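Data first, discussion second: the structure below is written as structure tokens.
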Amino acid sequence: MADKDGLKNADNFMIDVPQAQRDFHVKGCSDYRWGMKTRLSNIFNPISGNTLMLAFDHGYFLGPTSGLERLDITIPTLAPYIDVFMATRGGLNACIDPKLLSDKAIALRCTSGSSILNDDLSHEVVSVNIKEAVRMNADCMAVQVFIGSEGQKSSIDNISKTIDAGNELGIPTMGVVAVGKEMERTTKYFRLATRMIAEFGAQIVKCYYCDDFETVTASCPVPIVIAGGKKLPEAEALSMCYNSLQRGAAGVDMGRNIFQSDAPTAMVQAVRAIVHDKATDKEAFQMYQDIKNS
Ligand code: R5P
């Protein structure tokens, strides 16, 4: 291992020089084979290059969550406007009609082990195996990674094994940067965590938005989708979404800021306008208000 003492600060991110893409629209993924690329294309729209994931996997550690009390009722109203369902196998299997997924992708949550009853959420295991991911027709497997926490080592083991299995069968892995009570939320932390996850071999990284976010996306060799996080006023959530795309994110994986909105179907359409149609945050907020009041 490199000596930690005397490490120079990384500060030359060359923000204005995009990473070279070779004949494929998903950053850092040109050299994968056909099956992997079809799944990545199901996730990232080849025209905009971006994705709108709806996260509704909260029940796996929070139980019934405000806005998600009934997956079978809420999700179908949002489905027409999203690209990817980020969910658990149980939620999908029991509540979501497969017909809703005819032109959608699945980001299947494949780790669990924590709950709101625990103090330390960082000890997870791989809870969905690769055969099940194939059976569920997953387009990627989502694995939470807890850098800097007690559970760091086992979460790295989880993601490494998932990536090995996914690469064998052509299924991408999305590494989810976890934040917890003992973990930082600084730009430096997010640069560390996203880069580590990409170097483990994840094809997609999910991370929170932060100051100087362009340095996080520039130094991460695969696409970053931003996590929505706690519910914000709609205008703020749309600005976060817009700013993250301006600073190099390849889409959003948003939950509460959509399904806990005063008008979830208006909100999801406004987010979609930013992600795929180059709308500004102001235009998207106007759209949100117009649809909400119509
Ligand atoms: C995080 O690992 C989980 O995927 C969450 O359950 C989900 O992504 C959170 O979404 P949001 O913060 O946008 O409600």
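Spread over its residues, the convex hull of the C-alpha atoms of region 217-294 is 75 Å³ per residue. For residue 44, the shell of other residues with beta-carbons less than 11 Å away shows a net charge of +1, using +1 for Lys and Arg and -1 for Asp and Glu.
Filter 153/230; 27/231; 104/282; 188/282; 231/282 down to the pairs with a C-alpha to C-alpha distance above 21 Å, please.
Details: 153/230 27 Å; 27/231 29 Å; 104/282 28 Å; 188/282 29 Å; 231/282 19 Å.
Where the Cα-Cα span goes over 21 Å, the pairs concerned are 153/230; 27/231; 104/282; 188/282.
Each 5 Å bin, from zero up to the one with the longest distance, holds this percent of the alpha carbon pairs of region 26-157: 2, 10, 18, 20, 20, 16, 10, 4, 0.
How would you rank 74-80, 92-98, highest first, on the average number of other Cβ atoms within 10 Å across their residues? Let's see the in-between values first.
Numbers: 74-80: 16.3, 92-98: 14.6.
So the order, starting with the most tightly packed, is 74-80, 92-98.
Summing Lys and Arg as +1 and Asp and Glu as -1 over all other residues whose Cβ lies under 15 Å from the Cβ of residue 156 gives a net charge of -2. Taking 1.306 mPa s as the viscosity and 10 °C as the temperature, the Stokes-Einstein diffusion coefficient of region 40-103 based on its alpha-carbon Kirkwood radius rounds to 127 µm²/s.
For the pair residue 8 and residue 131, what calculated FRET efficiency results from E = 1/(1 + (r/R0)^6), where r is the Cβ-Cβ distance and R0 = 35 Å, to the nearest 0.05? Once rounded, the FRET efficiency stands at 0.15. 3J(HN,Hα) couplings calculated from phi for region 150-155 with the Karplus curve 6.51 cos²θ - 1.76 cosθ + 1.60 (θ = phi - 60°) are, in sequence order, 4, x, 3, 4, 5, 6 Hz; Gly and Pro show x.
Between amide H atoms placed 1.01 Å from N, distances below 5 Å from residue 173 occur with 141, 203, 204, all of them 5 or more places distant or on a separate chain. Placing dummy labels 7 Å off each Cα toward the beta-carbon, the span from residue 115 to residue 38 is 3.9 nm.
Ranked from largest, the principal axis spans of the Cα set of region 135-259 equal 42, 32, 26 Å. The orientation-averaged projected area of the convex hull spanned by the Cα atoms of the chain comes to 15.3 nm². The fraction of all Cα pairs in region 8-64 landing in successive 10 Å bins from 0 to the largest distance is 18, 31, 26, 21, 3, given as whole percents.
Read-outs throughout are calculated quantities, based only on the coordinates presented, and are distinct from any laboratory measurement. In this text, all values refer to a predicted model and were calculated from it rather than measured experimentally. As a convention, Cβ positions derive from the backbone with ideal geometry for all residues, glycine included, and neighbour counts pool all protein chains shown.
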